[in-house]
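The numbers here are math on the coordinates, done by the rules we state, and not lab data. Just so you know, these numbers come straight off a predicted model, no measurement behind them. A quick note on method: Cβ atoms are made from the backbone with ideal geometry, for glycine too, and the neighbour counts reach across all protein chains shown.
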Amino acid sequence: MLFSTSAANRRPPLSGSKIYNMTRFLFFAFLCMAFSSRIDAQEVIQNQKFKIAIVAPLYLDSAYASNPNKIPSISKAGLDFVQGATIALDTIQRNNSSVEVYIIDSKSLDRSIPWMIQYGQLDNMNLIIGSVREPEYQELARFALKKEIPFISDTYPNDGGIRENPYLAIVNSTLKSHIEGIYSYLLQKHGTDQILLIKKRNDNRIDNMLHEINRKTSGSLLKFRSIAVDSINGSQLAMLIDTTKPAIIVGASLDEDFSLNVADACYSLQQSKNITLIGMPNWDGFKEFYQKNSFKDFPILFTTPHTDNTKNAFSVFLGNQYFTKYRARPSDMVSKGFEAAYYFINILLKYNNSFMQNLNDPQFAPFHTFNFQPVFLSGSSEPDYYENKRVSVVQILNGNILEK
């Protein structure tokens, strides 16, 4: 399902107050109406028209079929992403260029992504921004390569095996990049400390990545020990470390139950031992870590490509706009949608055909800068894709995410 709107410089807010100051439900229920009408440029000479597709899983068909009076939980992430993007569109400087934005429901039943590709619905796009996973990620990446259209994969932390596709940019860094970030952090901050990697039995992926990075690193190598367990408690952990020295524990697992088990073991010793726990990027989604009394005064570190500046003008603007429209604070997905639309559309407007070569322009970064680098895995002279290699270490402390 596809909805469109067009806009130009010096015109009222793109979203249209009669639609976007309604409740979240009304936004959802009338999304089709909101994006079906064109808003033409006023008193602007349109030198060029840019067409941008914003693709997210809205599940509109399923929602109407099940309960038209309630937004299903499965739609929330995609809806939040789109809401953030539409707020960003109001702020974009168009410089006498016309911007036509298409909101595409990647989970539409009758107009799926393959259908839209087959019937040429995306052929004239200048940019595709997607908050999608498989199979839509693969479908859009292949299409982008064929048509030479930049495709921004904003939230999927995986390359999906895509190779030799210089039109693909991955914003949400892959696990390998996170492990490289953890390795660099440990080497710089804790190179002389004892480091213990705790992994789940028969799960060697993260351990193997760290050893591979160690083998390829020149100069000082990172010294760490690895243990594989089914579970662990504080007493067992105490026997594995030198309790007279600082200990760095790497929770080398993406499994939520096992990760919480490791965190519990570290927390039980944190009052008497100098223990630092660093986990994996998906730990930011484990609700138990945000319970203020669960790990009181014990910081849990993890890596993220999204260290949003909550005090700058963009974040204040987004917070105010979102609260005005929906009487709520913007979620993480709202922020990602806002960031993706503002950043990448502005880059397209400035650089046009050299878009992929200018992905790191800090001028348009609303929350933080990016570090997109070409990734070469297949041995080709062309990049397999571009990936945001900017990974930061942050901490969850007493239910809040804080910069380290």
Inset, instruction - Would you mind calculating the gained length between residue 236 and residue 74 on full extension (0.36 nm times residue separation, minus the Cα-Cα distance), in nm to one decimal? - result: 54.3 nm
Inset, instruction - Rank by packing, highest mean first: peptides 373-384, 102-113, with packing defined as the count of other Cβ atoms within 10 Å averaged across residues. - result: 102-113, 373-384
Legend entry - Residue-by-residue Karplus 3J(HN,Hα) for segment 366-375, coefficients 6.51, -1.76, 1.60, Hz, glycine and proline x: x, 10, 7, 7, 10, 9, 6, 10, x, 10
Legend entry - Coarse-grained scattering of segment 346-385 at q = 0.20, 0.27, 0.28, 0.33 Å⁻¹, given as base-10 log I(q)/I(0) from a Debye sum over alpha-carbon atoms: -0.68, -0.92, -0.95, -1.08
Inset, instruction - Would you kindly derive the ³J(HN,Hα) couplings of segment 241-249 from the backbone phi angles with the Karplus curve 6.51 cos²θ - 1.76 cosθ + 1.60 (θ = phi - 60°), listing them in order in whole Hz, with x for Gly and Pro? - result: 10, 7, 6, 8, 10, x, 10, 9, 9
Inset, instruction - Using label points projected 7 Å from each Cα along Cα→Cβ, tell me how many nm separate residue 119 and residue 365, to one decimal. - result: 4.2 nm
Inset, instruction - Sort out for me the Cα centre separation of segment 321-340 from segment 72-131, rounded to whole Å. - result: 17 Å
Inset, instruction - Order by neighbour count: 262, 55, fewest other Cβ atoms within 10 Å first, most last. - result: 262, 55
Inset, instruction - Among 99, 82, 229, rank each residue by its count of other Cβ atoms within 10 Å, from fewest to most, as a rough exposure measure. - result: 229, 99, 82
Legend entry - Against the rule of thumb 2.2 N^0.38 Å, how large the Cα Rg of segment 255-404 comes out: 1.28
Inset, instruction - Arrange the following residues from fewest to most other Cβ atoms within 10 Å of their Cβ: 315, 220. - result: 220, 315
Inset, instruction - Pull up all non-local amide H partners of residue 226: gap of 5 or more, or a different chain, and H-to-H distance under 5 Å with H placed in the peptide plane. - result: 197
